[in-house]
Amino acid sequence: MSGASQHNEPQAGAPQPQRFADRFIDTIEWIAAIFVGVVAADVFISILLRYFFGISIPDSYDFGRLLLGILIFWGIGATSYRGTHITVDLLWANVGPAWQRAIDVFATLVLLFVVIVHTWTLYDKVVATRADNILTFDLRLPAWPFFALAWVGDAAAVILISVRAYRLLFHPERLAKPQAQVVE
């Protein structure tokens, strides 16, 4: 072998370079995690200020509910791709690997259809919210950018679920297996 080809071949045990799709998936998961932190900070700070100082952050309720919506839609993509959402696998656990894969493919395609329809309708909601000039209560900020950010998360979910469906169909070895949780 030539010296050049030896440097290009991955060595056994060496980490494989991340593909673009994997980096995209990781980015979506980090964005969802950041929104978890933002929502938690908003709730914590609002409660702390109200309880100890008798003051409230203007629009904290509106920010809380709008950020929670954003968090939910970004989280849909992350949990749907990894398969880490709450499931009831009574049938799946009692069939063989071929049927398990068929159930996984079917469920992912149904989820993809539902999220595509939801993304379509949420886009309509973004447009209507902007056209109706809906504002927050205290600061009179437009609400449509929050809806648009939620829509971007929903659109990212469509992409992630599509990647999952593709990998389930053509490259099931590239999907991480979720850890089984045993409830005692």
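The values are calculated or read from the model by the stated rules, or taken from the named source; none is laboratory data. Everything numeric in this text was worked out from a predicted model, so none of it was measured. Cβ sites come from the backbone with ideal geometry, for glycine too, and all protein chains shown count toward neighbours.
Residues that are within 18 Å of PHE146 (Cα to Cα) and polar (S, T, N, Q) within the range 31-76 comprise just one, SER60. For the list (1) in a helix (DSSP H, G or I); (2) closer than 20 Å to VAL39 by Cα; (3) charged (D, E, K, R), I need the number of the one condition that LYS125 fails. Condition not satisfied by LYS125: (2).
Residue-level check: of (1) closer than 20 Å to VAL114 by Cα; (2) at pLDDT 80 or above; (3) not acidic (Asp, Glu); (4) not in a helix (DSSP H, G or I), THR87 misses just (2). ILE76 meets the stated requirement of being at pLDDT below 90, in contact with a His (Cβ under 9 Å, 6 or more places away or on another chain) and aliphatic (A, V, I, L, M).
Of all residues in the range 95-124, none that is within 18 Å of ALA148 (Cβ to Cβ) has its Cβ atom under 6 Å from the Cβ atom of a residue that is outside any helix (DSSP H, G or I), 6 or more apart or on another chain.
With the structure loaded, tell me whether LEU122 is out of contact with any Cys (no Cβ under 8 Å at 6 or more places or on another chain) and crowded, with 16+ Cβ neighbours inside 10 Å or whether it fails that test. Full working, then the answer.
Numbers: out of contact with any Cys (no Cβ under 8 Å at 6 or more places or on another chain): yes; crowded, with 16+ Cβ neighbours inside 10 Å: yes.
Considered against the rule, which asks whether it is out of contact with any Cys (no Cβ under 8 Å at 6 or more places or on another chain) and crowded, with 16+ Cβ neighbours inside 10 Å, LEU122 comes out as yes.
May I ask you to verify whether LEU135 is without any contact (Cβ under 8 Å) to a residue 40 or more places away in the chain, within 14 Å of the chain's Cα centre (by Cα) and either surrounded by 15 or more Cβ atoms within 10 Å (Cβ to Cβ) or farther than 22 Å from ARG164 by Cα (or both)? Criteria not met by LEU135. Within the range 21-58, being surrounded by 12 or more Cβ atoms within 10 Å (Cβ to Cβ), free of Cβ contacts under 8 Å to residues at least 12 places away in the same chain and not in a helix (DSSP H, G or I) holds for one residue alone: SER56.
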